[in-house]
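Read through the structure below, which is laid out as structure tokens, and then see the notes.
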Amino acid sequence: MGQNQVPTVAIVGSGPSGCYTAQFLRKRFPDAQITIFDRLPMPYGLVRFGVAPDHAGTKAVTQQFDRLFERDGVKFVGSIEVGKDKSLEELRAEFDVVVLATGLSADRQLGIPGEEKNGVYGSGRITRLINGHPDESLEGIQLGERVVIVGQGNVAMDLIRLSLTHPEELAGVGVDREVADLIAHSMLKQIDVVGRSEISDAKFDVAMVKELGKIADVRFTSDAPILGEEGDPETQKRIDAINTLVDNSPVTAGRVVNFHFGWVPSEINGEQHVSEAIFTAKHTGERKALPADAIYTAIGFTEAEAAAVKRDAHISEITDLETGRLAQGLYCVGWLRRGPRGTIPANRADAKMVSEAIIEDFENNQLEKVTV
Amino acid sequence: MSKKVVILFGTESGNAEFAAEDIAAEIDGRDSEVVDMTDFDIADFTSDNFYIIICSTHGEGDLPSGAVPFYGALEADTPDLSGVEFGIFGLGDSSYENYSKGSERIDEKLRDLGAKRVGDYGRHDADTGTLPNASAVAWSQELLASH
Ligand SMILES: Cc1cc2nc3c(=O)[nH]c(=O)nc-3n(C[C@H](O)[C@H](O)[C@H](O)COP(=O)(O)OP(=O)(O)OC[C@H]3O[C@@H](n4cnc5c(N)ncnc54)[C@H](O)[C@@H]3O)c2cc1C
Ligand SMILES: Cc1cc2nc3c(=O)[nH]c(=O)nc-3n(C[C@H](O)[C@H](O)[C@H](O)COP(=O)(O)O)c2cc1C
């Protein structure tokens with residue numbers, strides 16, 4: 001590339017990591033041709049299809065990204081799954097820089113007997129369904145009076161809240177009425193939320209627990225031991241949040257949510273459909289059976305086996321995942337780079353770092369196209 | 001002659017920066033500059049400029065990551081800011097308990113150090129599902145008409 005030239009850039013995936021990367025590269029290269037591809041017809045990844053529909057403030061970040069396409073001359077090409085509809089090799093031959101921002105979409109499995117039974121649903125599937133993802137449908141989903149949620153991170157908190165919100169309210173924030181009626185159905189009486197961590201290491205954010213306290217007609221319980229002052233203030237905040245939620249909830253209510261801390265899932269029972277989930281206490285080995293009409297697993301995300309683009313297939317001698325470099329002219333960012341952790345803002349910091357690596361490579365003439 | 005306007009933003013997910021750019025784009029007939037708090041040297045504060053501070057809130061009423069080094073420098077160096085005038089616009093989400101507290105911490109710190117806040121305290125609530133840009137621009141236009 002000559003002195004006056006600017007690189008052409010393809011970003012694969014239009015979630016927050018891809019969009020923030022486009023923002024940072026646009027600032028440095030006002031005239032570069034930047035194109036974002038996505039396998040779906042519409043942009044924004046998990047901001048559109050993961051973030052809960054009642055969190056309008058969080059979803060609003062997409063309005064920042066809208067401007068990329070409306071004013072800043074970034075092109076969006078939807079309905080192209082790279083690795084399927086167009087090969088990555090083709091893309092790398094066409095563009096000086098290719099950035100993979102395809103996320104991690106598969107629900108992590110429990111890895112226990114019975115997990116394949118009807119009535120066990122991944123949280124990714126359920127949250128995509130709630131958000132109207134074109135790949136999902138209601139087919140085969142059957143809930144009941146009792147739902148067990150495995151996992152206690154923020155996605156589990158979203159599922160508790162959405163399940164207990166009136167269907168009309170969900171429809172009011174854009175959820176399909178049939179989906180709202182299914183997820184937040186009036187039959188629901190009990191939710192058991194089970195985590196392998198003790199309360200001191202539980203994965204939820206305190207703000208998410210506080211939000212649960214705003215839901216009417218729910219009794220909350222917890223099996224965590226009543227602890228004194230913990231040394232670590234963050235730990236203390238988590239304990240206080242759960243205690244406050246439990247103490248401020250009515251003694252009798254139409255629905256009950258039980259938090260179980262320190263239990264490892266060991267087995268799922270039932271004929272064809274689930275009937276109970278068995279857990280083992282982390283420290284004592286004690287068993288606990290929780291009756292269940294349905295089970296949501298919310299224990300994190302991983303690369304889909306059928307993913308059309310796999311990060312580790314492109315590891316080369318110059319790979320440096322710390323800075324997002326995969327191969328010459330090929331980069332990765334966001335969940336795909338660093339794993340399924342962190343909120344939307346964390347992807348901005350990530351995108352800034354990877355953009356800086358790209359800019360540095362450009363300035364050091366490291367972007368010459370290679371034949372691949 | 002009107003003072004140059006320096007728009008200092010503190011952000012975590014980019015909304016404050018986005019609004020700061022729109023504020024600058026709508027300033028007519030006077031010098032202006034948009035600066036990330038992270039990149040700002042607090043020794044550069046001067047009464048020759050007018051400052052617009054736009055800052056969000058994260059965690060539980062905490063500063064956004066982009067404001068942390070700025071706040072830390074003010075705390076460590078305790079510069080004398082008397083004569084410095086600023087207007088402030090806070091970003092937050094009223095569905096959280098500590099609504100808009102991040103900007104308030106910056107406001108308090110600047111005033112402790114002798115700077116003077118002028119005009120109305122601007123605010124934006126993300127719970128409305130909107131971005132702050134439109135209200136921040138309207139607020140800044142009114143502020144700058146008299147400062
Ligand atoms: C259920 C859920 C709720 C969440 N709620 C919040 C929240 O409230 N607040 C918050 O801050 N964070 C939340 N997060 C986390 C946040 O969504 C992630 O940090 C972020 O979306 C990760 O960004 P990403 O760009 O790496 O991946 P993604 O957002 O997953 O984007 C990846 C994009 O790549 C596309 N893609 C995949 N493969 C291909 C291919 N082969 N070709 C073309 N395109 C492809 C996908 O269609 C998608 O658009 C939530 C996550 C989940 C799962
Ligand atoms: C994880 C997280 C925590 C937040 N905590 C608060 C809070 O405690 N108080 C508040 O008023 N707003 C809070 N907000 C809302 C943000 O301040 C608001 O979305 C703002 O527009 C973000 O601006 P930024 O992109 O410039 O950082 C929080 C947002 C997120 C994503």
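Any read-out appearing in this document is the output of simple, stated calculations on the displayed coordinates, not a laboratory observation. The structure presented is a predicted model; accordingly, all values stated were derived computationally and were not measured. Here the Cβ is made from the backbone with ideal geometry for all residues, glycine too, and neighbour counts use every protein chain on show.
Brief remarks follow.
- Label-point separation in nm, A:Q236 to B:T130, each point 7 Å along Cα→Cβ: 4.0 nm
- Kirkwood Rh, Cα atoms: Rg over Rh of chain A: 1.02
- Cα gyration tensor shape for region B:4-145, rounded if a/c is under 1.5, else prolate or oblate: oblate
- Once both labels are positioned 7 Å from their Cα atoms along Cα-to-Cβ, the gap between A:A281 and A:S316 label points is 5.5 nm.
- 3J(HN,Hα) along region B:50-66: 10, 10, 10, 9, 10, 8, 9, 10, 9, x, 10, x, 8, 5, x, 4, x Hz, from the Karplus curve 6.51 cos²θ - 1.76 cosθ + 1.60 with θ = phi - 60°, whole Hz, x for Gly and Pro.
- Applied to region A:198-208, the Karplus parametrisation 6.51 cos²θ - 1.76 cosθ + 1.60 on θ = phi - 60° returns per-residue 3J(HN,Hα) values of 5, 4, 5, 10, 4, 8, 6, 8, 4, 4, 5 Hz, with x for Gly and Pro.
- Here the label points at A:Q33 and B:S2, each 7 Å from Cα along the C-beta direction, are separated by 4.1 nm in the simple model.
- In order through region A:168-183: 3J(HN,Hα) via Karplus (6.51 cos²θ - 1.76 cosθ + 1.60), integer Hz, x for Gly, Pro: 5, 5, 5, 4, x, 9, x, 6, 3, 4, 5, 5, 4, 5, 6, 5
- All lysines inside 28 Å of A:K288 as judged from Cα atoms, apart from same-chain residues fewer than 8 positions distant: A:K117, A:K189, A:K203, A:K210, A:K237
- With bins 10 Å wide beginning at 0, the percent of Cα pairs of region A:287-353 falling in each bin runs 17, 38, 24, 12, 9, 1.
- Of all DSSP beta bridges in chain A, antiparallel share, percent nearest 5: 30 percent
- Degrees between helix A:233-247 axis and first principal axis of chain A (Cα, 0 to 90, nearest 10): 40 degrees
- Antiparallel DSSP beta bridges within region A:107-300, as percent of all bridges there, nearest 5: 30 percent
- Shape of region A:107-300, Cα gyration tensor, a/c cut at 1.5: oblate
- The slack in the chain from A:T221 to A:E70, taken as 0.36 nm per residue of separation less the alpha-carbon distance, amounts to 49.5 nm.
- Restricting the trypsin sites (Lys or Arg not before Pro) of region A:202-272 to loop positions (DSSP other than H, G, I, E, B) with no more than 14 neighbouring Cβ atoms within 10 Å leaves A:K214.
- Loop GluC sites (Glu not before Pro), region A:122-195 (other Cβ atoms within 10 Å of the site Cβ: 12 or fewer; DSSP): A:E139
- Förster-model FRET efficiency, 41 Å R0, A:T343 and B:S82, C-beta, rounded to 0.05: 0.55
- Convex hull volume per residue in cubic angstrom - Cα atoms of region A:21-91: 97 Å³
- Relative to the longest principal axis of the Cα atoms of chain A, helix A:154-163 runs at roughly 60 degrees.
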